[in-house]
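The values are calculated or read from the model by the stated rules, or taken from the named source; none is laboratory data. Keep in mind that this is a model prediction, so the values were computed, not measured. Reconstructed Cβ throughout: ideal geometry from the backbone, glycine too, with neighbour counts over all protein chains shown. Only protein heavy atoms, including side chains, enter the accessible area calculation; ligands, DNA and RNA are left aside. Shrake-Rupley method; radii C 1.70, N 1.55, O 1.52, S 1.80 Å.
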Amino acid sequence: MSTTTKTPTTPQTRTPSQATRLLGDRRLPVLVTAALFLAMYIGGLSRYVNYGFGDSQVFLNLFIDNSYLLVAAVGATFVILSGGIDLSVGSVIGFTTMLTAWLVQDVGLPLLAVIPISLGVGAFGGFLMGYVIHNFEIQPFIVTLAGLFLFRGLCLVISKESIAINDSSVSSLAETRVTLGLGDLSIGALVALAVLAAAFYLLHYTRFGRRIYAIGGNEQSALLMGLPLGGTKIAVYTLSGFCSSLAGLLFMLYIQSGDPLHAVGMELDAIAAVVIGGTLLTGGSGYVLGTLFGVLVLGLIKSIIQFEGTLSSWWTKIATGVLLGVFILIQRVMTTRKPT
């Protein structure tokens, strides 16, 4: 009598479909944003071909007109990647314009002496917020909201009225253009591109960048791995404060004045650019190049509205809201349909 032995069968792993793998690709939101920008630009070329939309300088103006937003959004990218949020960005930008205008115009300090002061104040403000968030375990939303009111109030302490800057060094720096093969770029645009390159290097080629992704992906796991959680969080908010104050300096050069109402709500524009660029609001996934495309998309919306001539500027907010909702849905689909 022969007995047959049954070999145990191992459960077969289900191979994810191509669509599931595509939805799980972290590069998908960035590619979608880049494709959206390309489609919008081609649409603008076809519609406004007789109005100079195809001029290379029009394209370069996207960097000139949005240089301060790009710098602010880069700082916000670091914070959001770490799983946090910074609502003080717009107020720090406004305070920097007021502080710079007051020191240059009323106190009489040279611009070269004022720049490190303004950058130091912004970075120190970010450091304090990061310190409070980590050491007192308070939600970033609450701490940075307090920072928003603090810096906006400090604007009014300096002056309740706008301060025009008549300094020759400021006007000379603001009007300086660097000629490229396709057109001209302002000093602010070059600084913004330099900040973007530095941020790309920090996030993808340094331990600091890998720590940010690890903390944003799973803070508890990062803590168990022995990563310096507190130091990284504080550094991230310090960097965001520095970028916000630098964005304030670029905004000051762009308008050559300081005003307590400058950059109201710009923190929302920066966050929108980051999210449209493909960075997850929950942290741990995203690319700073996506933030660049997010800023360019928002800038291109403004340019198209200007070329159209018949639309209100409020359509910029409407379009931004629609895009933001679409990309949040894309993020939701990606996070719920990752391949196993």
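Hey, can you tell me all the residues within segment 112-161 that are of a type outside the set (Gly, Ala, Ser), closer than 11 Å to PHE95 by Cα and open to solvent by less than 20 Å² (accessible area, probe 1.4 Å)?
PHE151, CYS155 - these are the residues of segment 112-161 that are of a type outside the set (Gly, Ala, Ser), closer than 11 Å to PHE95 by Cα and open to solvent by less than 20 Å² (accessible area, probe 1.4 Å).
Looking at ALA270, ALA214, which one is within 19 Å of SER88 (Cα to Cα), of a type outside the set (Val, Ile, Thr) and either open to solvent by 60 Å² or more (accessible area, probe 1.4 Å) or at pLDDT 90 or above (or both)?
Numbers: ALA214 fails: within 19 Å of SER88 (Cα to Cα).
Criteria check complete, one pass: ALA270.
Does ALA34 satisfy the criteria of being modelled with pLDDT of 90 or more, of a type in the set (A, V, I, L, M), part of a helix (DSSP H, G or I) and surrounded by 12 or more Cβ atoms within 10 Å (Cβ to Cβ)?
On the way: modelled with pLDDT of 90 or more: yes; of a type in the set (A, V, I, L, M): yes; part of a helix (DSSP H, G or I): yes; surrounded by 12 or more Cβ atoms within 10 Å (Cβ to Cβ): yes.
Spelling it out, ALA34 is indeed modelled with pLDDT of 90 or more, of a type in the set (A, V, I, L, M), part of a helix (DSSP H, G or I) and surrounded by 12 or more Cβ atoms within 10 Å (Cβ to Cβ).
State the number of residues belonging to segment 232-263 that are more than 27 Å from GLY83 (Cβ to Cβ), out of contact with any Cys (no Cβ under 6 Å at 6 or more places or on another chain) and either open to solvent by less than 30 Å² (accessible area, probe 1.4 Å) or part of a helix (DSSP H, G or I) (or both).
9
Just checking, does segment 171-185 include any residue being at positive phi, out of contact with any Pro (no Cβ under 9 Å at 6 or more places or on another chain), outside any helix (DSSP H, G or I) and not hydrophobic (A, V, I, L, M, F, W, C)? Spell out the reasoning first.
Residues of segment 171-185 that are at positive phi, as a first pass: 183.
Checking the rest, the ones that are also out of contact with any Pro (no Cβ under 9 Å at 6 or more places or on another chain) come to 183.
Adding the requirement that they be outside any helix (DSSP H, G or I) leaves 183.
Filter once more, so that each one left must be not hydrophobic (A, V, I, L, M, F, W, C): 183.
Yes, that holds for at least one residue.
When you check SER186 against the structure, is it over 15 Å from PHE78 (Cβ atoms), within 21 Å of the chain's Cα centre (by Cα) and among the polar types (S, T, N, Q), yes or no?
Numbers: over 15 Å from PHE78 (Cβ atoms): yes; within 21 Å of the chain's Cα centre (by Cα): yes; among the polar types (S, T, N, Q): yes.
When the stated conditions are applied, SER186 passes them.
Could you give every pair whose Cβ atoms fall below 8 Å, whose first residue belongs to segment 162-180 and is open to solvent by 70 Å² or more (accessible area, probe 1.4 Å), and whose second residue is part of a helix (DSSP H, G or I), counting only separations of at least 6 or pairs across chains?
ASN166/GLN105; LEU180/LEU60
Would you confirm whether or not segment 218-230 contains a residue that is part of a helix (DSSP H, G or I), crowded, with 22+ Cβ neighbours inside 10 Å and modelled with pLDDT under 95?
Filtering segment 218-230 for residues part of a helix (DSSP H, G or I) gives 219-224, 229-230.
Within this subset, residues satisfying the condition of being crowded, with 22+ Cβ neighbours inside 10 Å are 222.
Okay, now just the ones that are also modelled with pLDDT under 95, so 222.
Within segment 218-230, one or more residues are part of a helix (DSSP H, G or I), crowded, with 22+ Cβ neighbours inside 10 Å and modelled with pLDDT under 95.
In segment 65-97, how many are among the hydrophobic types (A, V, I, L, M, F, W, C), under 12 Å from the mean Cα position of the chain (by Cα) and within 21 Å of ALA194 (Cβ to Cβ)?
Residues meeting the conditions: 11.
Just checking, how many residues over segment 302-319 are surrounded by fewer than 19 Cβ atoms within 10 Å (Cβ to Cβ) and either touching a residue at least 24 places away in the same chain (Cβ under 8 Å) or of a type in the set (Asp, Glu) (or both)?
Count: 3.
How about segment 37-66: which of its residues are open to solvent by less than 50 Å² (accessible area, probe 1.4 Å), small (Gly, Ala, Ser) and under 24 Å from PHE327 (Cα atoms)?
Answer for segment 37-66, where residues must be open to solvent by less than 50 Å² (accessible area, probe 1.4 Å), small (Gly, Ala, Ser) and under 24 Å from PHE327 (Cα atoms): GLY43, GLY44.
Listed here are the residues, each with its yes/no results for (1) within 17 Å of the chain's Cα centre (by Cα); (2) farther than 25 Å from ARG211 by Cβ; (3) not charged (D, E, K, R).
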site	(1), (2), (3)
GLY284	yes, no, yes
VAL297	yes, yes, yes
LYS302	no, yes, no
PHE307	no, yes, yes
TRP314	no, yes, yes
PHE327	yes, yes, yes
THR335	no, no, yes
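Looking at (1) under 25 Å from GLY125 (Cα atoms); (2) in contact (Cβ under 8 Å) with a residue 40 or more places away in the chain; (3) not in a loop (DSSP other than H, G, I, E, B), which one does PHE293 not meet, given that it meets all the others?
Failed condition: (1).
Taking the conditions exactly as written (open to solvent by 60 Å² or more (accessible area, probe 1.4 Å), free of Cβ contacts under 8 Å to residues at least 60 places away in the same chain and under 14 Å from LEU28 (Cα atoms)), does ILE328 satisfy them or not? Give the steps one after another, and end with the answer.
Working: open to solvent by 60 Å² or more (accessible area, probe 1.4 Å): yes; free of Cβ contacts under 8 Å to residues at least 60 places away in the same chain: yes; under 14 Å from LEU28 (Cα atoms): yes.
Taking the combined requirement at face value, the residue satisfies it.
Return yes when GLY258 is closer than 25 Å to LYS317 by Cα and at pLDDT below 95 and no when it is not.
Working: closer than 25 Å to LYS317 by Cα: yes; at pLDDT below 95: yes.
Here the answer is yes, as GLY258 does meet what is asked.
Answer with yes or no whether THR144 is under 14 Å from VAL236 (Cα atoms) and not charged (D, E, K, R).
Details: under 14 Å from VAL236 (Cα atoms): yes; not charged (D, E, K, R): yes.
Against the criterion (under 14 Å from VAL236 (Cα atoms) and not charged (D, E, K, R)), THR144 qualifies.
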